[in-house]
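The values are calculated or read from the model by the stated rules, or taken from the named source; none is laboratory data. All figures in this text were calculated on a predicted structure; none of them were measured in a lab. Neighbour counts are summed over all protein chains in view; Cβ atoms, including those assigned to glycine, are modelled from backbone coordinates with ideal geometry.
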Amino acid sequence: MHLLLGLILTMALPRLSMAVSFDPRDSELPTGVVVDTVHCLHSPQQSYALYLPRQYSAQKKWPVLFLYDPAARGKLPVGMYADLAEEFQLLLICSNNARNGVVATSLEAVEAVTQDVLGRLSIDKQRILISGFSGGSRLAMLVSSQSDLYAGIIACGAGFFHNAQLHQDHPVPYVELIGNRDPNFFEALEVDQYLTAFQYPHRTFFFEGGHQWPPVPEYQRALFWQFLNFYGGPPFPYDKYLKSSIPLFQSQIDSGDFYLAHFNAQQTLADLSPAFLPGIDSIIKKLEADPRCRFQTQEFSELKKQESSLMEAWNQQFQRLGVITVDSAFRNSDWNDLLLPVKRLRKSKSRQKIVLGDRMMGMIALRCAEQYNLQFQSKDFLHATLSARVLTLVENSPRAFYWQARALAARGMRSQSLHSLKKAIDLGYEKKTMIEGDPYLSSLRDEPMYINLLNKMK
């Protein structure tokens, strides 16, 4: 299995969303609001974001969903899915410490938060879900493979951690949610095929989007499927599941992605009671009779091979980048030659080719960002400069030139750094306080060009 990257409803009553911190000395946690920071009682350096439904009471046991974000943005997914917590009557938890980087550090955060939640709140231990986005998804997968605590997994934007395993003797229902422009899209397909091969309980749902936490309606589908596994049938609201699914399929058809709509409808078909089968089945039959769907199905298979070939070429090029020892060995033409077929895909009239081109550009940009961060952490400023330089060719963006300016300044190359910083500002970089507080740019602060650049910023 070829794994890639990922080191991320309107209710009847209004939901409050505000910044709230909770001191462990307080006797009760607030309900109906997003709590940004709850400090663990026995590990106060560890904290998590929390949402308790309005009706939460310790008088009954509640299902809980543990979420993990690659940048430890606890309140982000908790805030996104708070309305779903009300709909499904479950608790939301997301660590403020577990993040991409050292796995052992994240596992410490997982342990602290899990123990705090189980000890402090009224939890139904038969209904514990775990989920994550990108690197957080890989972390969730790793944690669930090492514990029998979890009743379900919702993976977003990534597949398996390299050493995680699923156990057939103790199957944990698994849902993958991933955007069709996500660089890890084909990884998710490989996971789906892998799990299908040995009949492991799972679903894979694709949505229109990139490398991101899934939109609320998509995450709602994943929760519906997991709750179907919890309760096994009525009173599970099949009608709500059907009503939430059909508009998603129709939006994919309207956008011209017939393959995506057909794949998702097939995934849903097996989950419905006989009374609701005709609604989905009729959509599938219409799609299968549509020549555009048949064409996209064949095209998808062919493009998968092309994407694999492009990925291999880019992986080899990044490997060559890692052994460069001087700036002069970097040649823009080498990278532009590789970018050319990707740019052609994005200019195609074929929707699936355009999506493939977008996905490839996202993969390249994400690879540059991950390498840049790792290189900066290890103070390998030469290769950080080169990774940023590749990014400038890929997206010509403010962040690319800002990152290049930082790396160049860290190497004492002040003139080149100033020109990269100017380019970043010319392209729209607006974070003046970020520039002023960046320790790697401190060597530029007495330079007249630096002073003039910042004076022109708001």
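Based on this model, can you work out whether Gln115 counts as more than 26 Å from Gly179 (Cα to Cα) and assigned to a strand (DSSP E or B)? It is false that Gln115 is more than 26 Å from Gly179 (Cα to Cα) and assigned to a strand (DSSP E or B). Within the set Gln377, Gln352, the sole residue that is of a type in the set (S, T, N, Q), at negative phi and crowded, with 20+ Cβ neighbours inside 10 Å turns out to be Gln352.
Filtered by the rule that a residue be at pLDDT 95 or above and small (Gly, Ala, Ser), segment 72-105 gives Ala72, Gly74, Gly79, Ala82, Ala85, Ser95, Ala98.
Output the residues belonging to segment 118-138 that are farther than 17 Å from Leu76 by Cα and part of a helix (DSSP H, G or I). Passing the criteria: Leu118, Gly119, Arg120, Arg138. Looking at segment 267-282, can you tell me whether even one residue there is outside any helix (DSSP H, G or I), out of contact with any helix residue (DSSP H, G or I) (no Cβ under 9 Å at 6 or more places or on another chain) and under 18 Å from Arg389 (Cα atoms)? Within segment 267-282, not a single residue is outside any helix (DSSP H, G or I), out of contact with any helix residue (DSSP H, G or I) (no Cβ under 9 Å at 6 or more places or on another chain) and under 18 Å from Arg389 (Cα atoms). Against the list (1) buried (at least 21 other Cβ atoms within 10 Å of the Cβ); (2) over 23 Å from Met311 (Cα atoms); (3) modelled with pLDDT of 90 or more, the condition Pro215 fails is (1). Given the criteria in contact with a helix residue (DSSP H, G or I) (Cβ under 8 Å, 6 or more places away or on another chain), over 30 Å from Trp335 (Cβ atoms) and not acidic (Asp, Glu), does Ala289 qualify? Answer is no for this residue.
Would you please name the residue that is farthest from Tyr51 (Cα to Cα), looking only at residues in segment 112-139 that are surrounded by fewer than 24 Cβ atoms within 10 Å (Cβ to Cβ) and aliphatic (A, V, I, L, M)? In this case the residue turns out to be Ala112. How many residues, within segment 167-189, are surrounded by 18 or more Cβ atoms within 10 Å (Cβ to Cβ) and either part of a strand (DSSP E or B) or among the acidic types (Asp, Glu) (or both)? Number satisfying all stated conditions: 8.
Among residues of segment 80-105 being crowded, with 19+ Cβ neighbours inside 10 Å, small (Gly, Ala, Ser) and within 17 Å of the chain's Cα centre (by Cα), the one that is farthest from Leu129 (Cα to Cα) is Ala98.
Name every residue in segment 348-386 that is polar (S, T, N, Q) and either more than 22 Å from Ser442 (Cβ to Cβ) or touching a Pro at 6+ places or on another chain (Cβ under 9 Å) (or both), in order of residue number. Within segment 348-386, Ser348, Ser350, Gln352, Gln371 qualify.
Mind listing just one residue for me: the one in segment 295-349 that is among the aromatic types (Phe, Trp, Tyr) and closer than 20 Å to Glu190 by Cβ and, of those, surrounded by the fewest Cβ atoms within 10 Å (Cβ to Cβ)? Once the filter is applied, the top-ranked residue is Phe300. Against the list (1) buried (at least 21 other Cβ atoms within 10 Å of the Cβ); (2) part of a helix (DSSP H, G or I), the condition Glu108 fails is (1).
Does segment 49-67 contain any residue that is in a helix (DSSP H, G or I) and either of a type in the set (Gly, Ala, Ser) or at pLDDT 95 or above (or both)? Within segment 49-67, none of the residues are in a helix (DSSP H, G or I) and either of a type in the set (Gly, Ala, Ser) or at pLDDT 95 or above (or both).
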